[in-house]
Amino acid sequence: MSCHLVLGDCAADLLRTSLGPYADIRIHRDDLAVGPLIDIDDAYPAARVHFWDAVFPQSSFDFNDVLPAGNAQLASLPADLTLWIGNSCGEALLLRRLAWWRYKTQQTFKLITPDSTGLNSYIAGQVPLSLMPLPIIQATNSQTLSPALLQELASEWQAIRQQPSAFRGWDGSYFHHHSQTALDAEMLALIEENYLPCSEIASRWISASSDFFRSDVLAMWRLRCLAEQGLIELCPHPDEHWLFAFKARKR
């Protein structure tokens with residue numbers, strides 16, 4: 001039975017609509033655009049676990065288990081494998097990461113990348129599989145990666161892992177690497193002298209992204225870090241969702 005790999009639960013739900021409820025669909029859940037990658041493929045990626053524990057301390061996931069489980073998943077995928085991706089940064093990274101894991105065992109895989117021409121997303125040029133219309137997905141044929149392409153993508157992943165970056169973006173051809181504080185100036189520019197709900201600040205910061213999909217969790221982490229540096233003030237805002245139960249202003 002063929003095995004299908006996607007990035008994220010929303011993409012899996014869409015693919016299940018196309019392939020049926022009994023299709024063997026595996027979900028990779030690691031956000032590869034965010035966090036250190038230096039040890040991501042180790043049996044226990046300590047640096048990555050530490051990073052996500054700091055970013056999302058309220059998570060219901062235990063990153064000590066979830067992140068190593070992602071490695072075990074990639075190591076145990078069957079020979080008959082198809083990767084379904086759009087052209088988001090995370091999916092471009094997953095393609096290269098999977099190529100690295102398969103190259104180690106000299107196993108290739110099939111790739112399905114639906115055409116996103118004419119489709120819109122809040123990041124120009126990036127449309128993840130989860131946002132693509134079902135007819136376009138169903139009309140796309142697979143291609144098997146050649147050994148040469150598999151090796152090329154695996155080498156790219158090795159180079160990406162060595163970059164000491166906290167965030168990485170994608171312009172369709174090249175990856176761009178950003179430090180942990182690279183996006184803080186952009187966040188600070190959205191904060192005013194008077195208090196604003198953190199949900200509003202985060203929404204504007206997320207919408208301003210040009211090369212990777214930011215999240216509310218990531219936004220709240222950066223706001224906490226700015227407060228710890230004494231650059232902003234946070235105070236409770238009881239009308240907001242728990243993750244954004246604060247409002248912020250400049251000091």
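The values are calculated or read from the model by the stated rules, or taken from the named source; none is laboratory data. Keep in mind that what you see is a predicted model, and the values were worked out from it rather than measured. Ideal geometry is used to build each Cβ from the backbone, glycine not excepted, and the neighbour counts take in all protein chains shown. The area values use the complete protein model at the heavy-atom level, side chains included, leaving out ligands, DNA and RNA. Shrake-Rupley method; radii C 1.70, N 1.55, O 1.52, S 1.80 Å.
Quick notes on this one:
- Value of D in µm² per second that Stokes-Einstein yields for segment 141-251, Kirkwood Rh from Cα pairs, at 4 °C (1.567 mPa s): 80
- In this view, the solvent-accessible surface of K104, computed with a 1.4 Å probe and all protein chains in place, comes to about 120 Å².
- Length-normalised contact order for the chain - Cα pairs under 8 Å, 6+ apart - percent: 18
- Remark: the chain carries a charge dipole of roughly 300 debye about the Cα centre, counting +1 on each Lys and Arg Cβ and -1 on each Asp and Glu Cβ.
- Antiparallel bridge percentage (DSSP; both residues within the chain; nearest 5): 55
- Counting only the Cα atoms, segment 1-147 fills a convex hull of 126 Å³ per residue.
- For segment 202-234 and segment 9-58, distance of Cα centres in Å: 21
- Relative contact order of segment 1-135, pairs being alpha-carbon contacts under 8 Å that are 6 or more residues apart, as %: 28
- Nearest 10 degrees, 0 to 90: helix 216-228 Cα axis against the chain principal axis: 40
- Chymotrypsin sites (Phe, Trp or Tyr not before Pro) within segment 138-238, DSSP loop, no more than 12 other Cβ atoms inside 10 Å: Y174
- Taking GluC sites (Glu not before Pro) across segment 142-223, the ones in a DSSP loop with at most 11 further Cβ atoms lying within 10 angstrom of their Cβ are E192, E193.
- Mean shadow area of segment 53-136, taken as a quarter of the surface of its Cα convex hull (nm²): 7.5
- Here the ratio of the Cα radius of gyration of the chain to 2.2 N^0.38 Å is 1.07.
- Size of electric dipole in segment 1-90: Cβ of Lys, Arg +1 and of Asp, Glu -1, about Cα centre, debye, nearest 20: 220
- On Cα atoms only, tilt of 147-161 relative to the major axis of the chain in degrees: 20
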